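Working notes, beginning with the structure itself.
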Amino acid sequence: MIASEDEGPRREELRSQRVWADGAARAPSWAHTGWGAGIVPLVLLVGLWQIAVVVLHTPPEIFPSPERVVQALAEVVRTGELPSYVALSLGQWIVGVGIGIISGVVCALVLSASRLLVEAMLPVANFFYAIVEFAWLPIFLIWFGYGSTTVIICVAYSTFFPVMFTMLSGIESMPRSFREGLVVLGARRTQVLFYGVIPGSLPSLITGVRIGAGFAFRSLIGAEFIAGFAGLGYMVSKAAQFREMDVSVGGMIIIGLAWILIDRMYIRPIEAATTERWRGVQ
Amino acid sequence: MRLIHVTSGAVAVIAVWWLVCGVFNIPEYKLPSPPVVATTAWTFLREQSFYGTIGVSLFRLMISSVLGLGGGFLLGLLIGLSGRVSRLLGPTLSFFQAIAGITWIPVAIVWFGVGTPTVVFIVTNAVFFIMLYNTAASVDRVPSAWRESVMVLGGSRWAVLRYVILPGALVGIFSGLRTGLAFGWRALVVAEFLAASNGIGYLTLEASRYYESATVLVGVLTVGVIWLVVDRLGLRLVEKATIVRWGLARQ
């Protein structure tokens, strides 16, 4: 996306080659909206929802009213189910994302060491990236069964690729003067790595992490639907199976709020503090 | 030379796979060796119903894409163009984007049952919100100086739209298209796991229930190949014909 004139070809290249979680390096103005006029449609929506339930006499097993959803949520909070599910889901997400980031960074660094390696392995990596992480779930189920392991691996898989690709791209597009300057000053390979390559590719890494985190959250929910036996996704899925739609819809709302919170409170500020500030350095 | 490098990577992976199967004596239901998978794949490729299965999945993807991309584009345009609409709808759309696609699956199954309508609903949902966000963001980012210069020269709002906004936002819109389809395809696979009785996702999950790992791997590979074809051949070509040709993106 063309954010400013000095973005240059590298960003365009990145963006036109890869798939992003949400495309924009910087959120559009409307995503930073405070809770001003924007709250009105939400309130209206809830109001319409309530009216629809009353007017259409929908059975609560199919289409619950907002009131019932709130009651159901209060109930799962009271029993301690919801807090533990939220904690588990977030925990799985964090562990998965962490594994994905670390392995992505390591692989990017390893691959960048050799032109031959990159040329050989990049098509393979692209192919595995094309295999949607969910497609592996049936095999993961056979290998690891149901539960956290499968979910975490799925999350890690979906984080790994964006991180690795962006990091690799960042390393490759780093000005050669960074590396050569350090070598001229007498740096050994490890020093070049730590003082040149890693800091130089950090902005790309941050972008990759943001994208990977987005993919990872969706993977989390999907994986929990299929392979979890606890957690937010599991709660939504199981409740729907037992026609406890109030719990199910409530769970969906919690999932939405959780993502919004994670995005606004952690991901966006981290990116604002790093990539945006460092953009001039590129 | 390059081709050798490219294939050597694939060969290396397959070799490691084969070795692992042999050295660790892994039971076939856990990890079938490459020849077994290849034979299974060959069986599938000769069967006509396999192409029917793929066709069903692609058909669902196609319909959902048209609905989702079209709707997302139009609404995104509206939101990007109008500050008031964007401030008004912003939080609501952000919330629905947070739960876009996959999260709706259990509820959608209860409401719409199992089958193509449910899958289409889920995938359209996923594609729509991504496309919406990207279109709105890229329209929003078009420098107002461009807009104003056309208006100063006497251009109508329609002229502004056609000559400034759309070309200016085109790269971002394409980005939204690719991202939207990527998410849509992911949502399709999961939706077919849970909410369908045919399609490539259903085939893969069903096979795993019976521990037919070879079939599962064939399904996995098919998912990858389909996406590669859609992305590389389909989308890249469209991009080449448009934004690359018009100099808006480096390839």
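Are any residues in the stretch A:137-161 assigned to a helix (DSSP H, G or I), of a type in the set (Phe, Trp, Tyr) and over 18 Å from the mean Cα position of the chain (by Cα), and if so, which ones?
A:PHE140, A:TRP143, A:PHE144
Do the conditions hold for B:ALA38, that is, is it over 27 Å from B:VAL230 (Cβ atoms) and modelled with pLDDT of 85 or more?
no
Which residue is farthest from B:PHE121 (Cα to Cα), if the candidates are limited to the stretch B:72-83 and must be more than 8 Å from chain A (Cβ to nearest Cβ) and not hydroxyl-bearing (Ser, Thr, Tyr)?
The selected residue is B:LEU81.
Residues that are part of a helix (DSSP H, G or I), of a type in the set (S, T, N, Q), more than 18 Å from the chain's Cα centre (by Cα) and crowded, with 16+ Cβ neighbours inside 10 Å: does the stretch A:175-183 have at least one?
The answer is no; no qualifying residue exists.
Residues of the stretch B:173-228 being within 7 Å of chain A (Cβ to nearest Cβ), without any contact (Cβ under 8 Å) to a residue 24 or more places away in the chain and either in a loop (DSSP other than H, G, I, E, B) or within 14 Å of the chain's Cα centre (by Cα) (or both), which ones?
If the condition is that a residue be within 7 Å of chain A (Cβ to nearest Cβ), without any contact (Cβ under 8 Å) to a residue 24 or more places away in the chain and either in a loop (DSSP other than H, G, I, E, B) or within 14 Å of the chain's Cα centre (by Cα) (or both), then B:GLY224, B:LEU228 are the ones that fit.
Go through the residues of the stretch B:141-151 one by one and say whether even a single one is under 26 Å from B:ALA182 (Cα atoms) and part of a helix (DSSP H, G or I).
Yes: the stretch B:141-151 contains one or more residues that are under 26 Å from B:ALA182 (Cα atoms) and part of a helix (DSSP H, G or I).
Can you say whether A:VAL192 is among the β-branched types (Val, Ile, Thr) and surrounded by 24 or more Cβ atoms within 10 Å (Cβ to Cβ), as far as the supplied structure shows?
No.
Looking at (1) closer than 28 Å to B:TYR202 by Cβ; (2) within 11 Å of chain B (Cβ to nearest Cβ); (3) surrounded by fewer than 17 Cβ atoms within 10 Å (Cβ to Cβ), find the lone condition where A:LEU117 falls short.
(1)
What is the number of the single condition among (1) within 13 Å of another protein chain (Cβ to nearest Cβ); (2) under 26 Å from B:LEU203 (Cα atoms); (3) surrounded by fewer than 23 Cβ atoms within 10 Å (Cβ to Cβ) that A:THR149 does not meet?
Tallying (1) within 13 Å of another protein chain (Cβ to nearest Cβ); (2) under 26 Å from B:LEU203 (Cα atoms); (3) surrounded by fewer than 23 Cβ atoms within 10 Å (Cβ to Cβ), A:THR149 fails exactly one: (1).
So that you can scan it fast, the table gives a plain yes or no per residue for (1) of a type in the set (Lys, Arg); (2) more than 16 Å from B:LEU221 (Cα to Cα); (3) assigned to a helix (DSSP H, G or I):
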position	(1), (2), (3)
B:HIS5	no, yes, yes
B:ILE14	no, no, yes
B:TRP17	no, no, yes
B:GLY22	no, yes, yes
B:LEU31	no, no, no
B:VAL37	no, no, yes
B:ALA41	no, no, yes
B:LEU45	no, no, yes
B:SER49	no, yes, yes
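Taking B:LEU170 as the residue in question, decide whether it is part of a helix (DSSP H, G or I) and surrounded by 24 or more Cβ atoms within 10 Å (Cβ to Cβ).
No; evaluated as a whole, the condition is false for this residue.
The values are calculated or read from the model by the stated rules, or taken from the named source; none is laboratory data. This is a predicted model, so every value here is computed, not measured. Counting neighbours? That spans all protein chains shown, and the Cβs are built from the backbone with ideal geometry, glycine included.
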